[in-house]
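The values are calculated or read from the model by the stated rules, or taken from the named source; none is laboratory data. Predicted model, so just to flag it, every value in this text is computed and none were measured. Cβ atoms come from the backbone with ideal geometry, glycine included; neighbour counts cover every protein chain shown.
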C-alpha cells in the first residue's frame, strides 16, 4: 500500500515537473517576443533598468565627469546626466529611456550596469546586502584640456577635430560641430525627449551624426600623404624628379588636372617629390598616381585603414567609426583618369578627421598604425581597476625609413610651404594642407593634418572645416584649418 502511495506521489511530481518545464519553455521560447513587446512588461523592464545606479564615464584625468547618474524622486530611480553638455557628445553618446543608447553608453553598457563578468562579484554583494545595484566606471582616453582647445579653436564653424597619441592610439580629443546636448535625450519627460529627438533629426546639419567619425568627405590634398607614401614605398624617393607642366593631360579624355589657382608649381621644368609636397602640386601628384598605378595606390590606402567599399570594416573602435573609402583597383579598369584624380584626394576618395588623424599618426609613429582607443581602463564599484585596454598595433602601412622620409617632407610643408599657419616657435611640426572641392558652386572643405614634435610626436591632429567656414570661397587648408590644428597641438604639448 505504501509502495502505491509512493508511485502516485512520484507520478504527481512528474506531472508537475513536466507542466513547469512546459511553462518555462513557453515563456522563454514561444511567448518570448509577445511578452517582450507587451507594454506593461516593457515598462517594468525600464523601471528595473533605471533602478541601477549606472556607472560614470570620466576623462583620462579621472576627475572630469563626462556622464553620471543622479537619484530622482520619480518612478525611474536614476537619471543620466552629462555635466559638460554638448562638449563630449560624440564620446559619450546618449542614454535615453525612449531612444536607447549610443556612443560609449552603448558599447560599454555591460560595465556601466555592472553586468560585465569583471564586476559580477561586487554586483552580487550589493544584491545580498540590499544595496542599490551600481555600475563600474569607464575611464576614457580624452584629455579635457585638448578637447576644450579643439572646441574653442573650431568655434561655430561646421567641421570636426580629432587628436590621437601616435604611440598608443589613445584618442585625446574628439569633437564635431554641430553637436548636441545629450541631457535633452536623457530627460525623464517623455514628451520633451521626443520633441528634442524630432528637432535634432530634422536638422539638415545632422548633429546626431558626428562629423569627426561618422561622416565622410573628400580629403583633398591631405590624401597626398598617402600618395607620397606609395611613391616612397615603391622606390621613388623624396629626391625623385617629376615633370612640372602647367597642367596634366589625363589619359583617354580631354580633361586635365590643374594646380591650385591654375599656376605652375615653382622649381623649374622638373621638381622633386619633396618639393611637390611642400607646395601641394596637383599636377605632380597626379603624375605620381599614374606612375604607381591603381593596384599599388589602393593597396597603400587600404593599409592605412581606408576600405574599398561599404562592405568592409577593418579598424575596430569603441564607437561608430566610418573608415575612409578608397576604391578597389577594379574601379579604375575603365577609368584611367580617375587614378590621377584619386591621387590628389578627389573622385571617389573620402575620409573623416579620425581616418586622417590615423594616417598622420602612423607616419609619426615610424610607420606603425596603432588601433585607436577611446577607453583606457575600467574600474569597479569601489574604484579598483578590473580591466586595462593596453595599446595594440593594428598594422604597419610603411617602413620606418619611408616614414622618416615622409616626416621630413611634411616638416617642409609647415616650414616652407602651404602649412605655415601651423608653425609653433621652438616646436617642429610635420603637416599637410588640403582644400577639397565637393560640388559645383560649393565653397571648399578646408583640411589640415599634422603631428608634433616631428621627430618624437606626442600628438597627431586632423581638422576639417566644411564649406569654407568663416572664409567661404577664399578658404584653404593652410589659412583656415592649420591654425585650428596649431591651437590643439599647443594645448597637447603644454
Flag if residue 381 is buried (at least 18 other Cβ atoms within 10 Å of the Cβ), modelled with pLDDT under 95 and either out of contact with any strand residue (DSSP E or B) (no Cβ under 9 Å at 6 or more places or on another chain) or within 30 Å of residue 116 (Cβ to Cβ) (or both): yes
Would you call residue 185 over 25 Å from residue 478 (Cβ atoms), crowded, with 17+ Cβ neighbours inside 10 Å, at pLDDT below 95 and touching a helix residue (DSSP H, G or I) at 6+ places or on another chain (Cβ under 8 Å)? no
Looking only at the range 124-142, decide whether some residue is modelled with pLDDT of 95 or more and at positive phi. no
I'd like the full set of residues that are within 19 Å of residue 384 (Cβ to Cβ) and modelled with pLDDT under 95, limited to the range 53-79. 53
Please list, ordered by first then second residue, the pairs with beta carbon atoms under 6 Å, 6 or more apart or interchain, first in the range 215-238 and at positive phi and crowded, with 24+ Cβ neighbours inside 10 Å, second assigned to a loop (DSSP other than H, G, I, E, B) and modelled with pLDDT of 95 or more. 220/345
Name the single residue that is nearest to residue 191 (Cα to Cα) among those in the range 61-76 being outside any strand (DSSP E or B) and out of contact with any helix residue (DSSP H, G or I) (no Cβ under 8 Å at 6 or more places or on another chain). 74
Would you mind stating whether residue 479 is within 17 Å of residue 357 (Cα to Cα) and assigned to a helix (DSSP H, G or I)? no
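How many residues, within the range 438-465, are more than 21 Å from residue 367 (Cβ to Cβ) and either in contact with a strand residue (DSSP E or B) (Cβ under 8 Å, 6 or more places away or on another chain) or in a strand (DSSP E or B) (or both)?
9
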In the range 162-179, residue surrounded by the most Cβ atoms within 10 Å (Cβ to Cβ) [restricted to those that are farther than 13 Å from residue 91 by Cβ and touching a strand residue (DSSP E or B) at 6+ places or on another chain (Cβ under 8 Å)]: 164
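Need a quick list: helices (runs of 4 or more DSSP H) entirely within the range 90-149 having at least 1 residues that are within 16 Å of the chain's Cα centre (by Cα) and buried (at least 23 other Cβ atoms within 10 Å of the Cβ).
103-107
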So, of the residues in the range 251-261 that are over 28 Å from residue 405 (Cβ atoms) and touching a residue at least 12 places away in the same chain (Cβ under 8 Å), which turns out to be surrounded by the most Cβ atoms within 10 Å (Cβ to Cβ)? 255
